[in-house]
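Below is one structure, written out as C-alpha cells; comments come after it.
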Amino acid sequence: GSAEPTRGQTFWQVGLVDPVTARQMQTSVAAAGLPVRLAAGNSPQSRRVLVGPLTSRDQIASVKQALDGRQMQAFLKTY
C-alpha cells in the first residue's frame, strides 16, 4: 500500500529513494513475504520504503533479521 503511516506506528525504513526505485524495492521486499508500503519522502521526488508496521519487539527483531539476510540497510522509524 501507499497510505501514510499513522502517528505512533513503527517501521524499518529500508530506503529514501526516487519513486521508480521505491517501487522496485517494494516488490523485492513484498516477495520476501514482508509487509511493505511506500510513504512520502522529504521531497516530492522521494519515497520512503517502509517495512511494517511493527507491533512488538519480537516482530522488530525478526523483520530486521529478514532484512539483514537480504543485505538491506534499515533503520527504525516511528511516526
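Straightening the chain between R57 and N42 buys 2.7 nm, computed as 0.36 nm per residue apart minus the Cα-Cα spacing.
Computed from the coordinates I sent, Rg and Dmax of the Cα atoms in Å equals one of [x] 12.4, 39; [y] 12.3, 34; [z] 11.5, 34. Tell me the label. Here the calculated entry is [z]. Summed over the residues of the chain and divided among them, the accessible surface reaches 59 Å² per residue at a probe radius of 1.4 Å.
Here the accessible area is traced with a 1.4 Å probe on the protein chains. For the chain, carbon and sulfur cover 51 percent of it.
With contacts taken as Cα pairs under 8 Å at a separation of at least 6 residues, the chain carries a relative contact order of 43 percent.
The values are calculated or read from the model by the stated rules, or taken from the named source; none is laboratory data. A quick note: this is a predicted structure, and the numbers were derived from the prediction, not measured. Note: accessible area is taken over every heavy atom of the protein model, side chains too, but ligands, DNA and RNA are not part of it. Shrake-Rupley method; radii C 1.70, N 1.55, O 1.52, S 1.80 Å.
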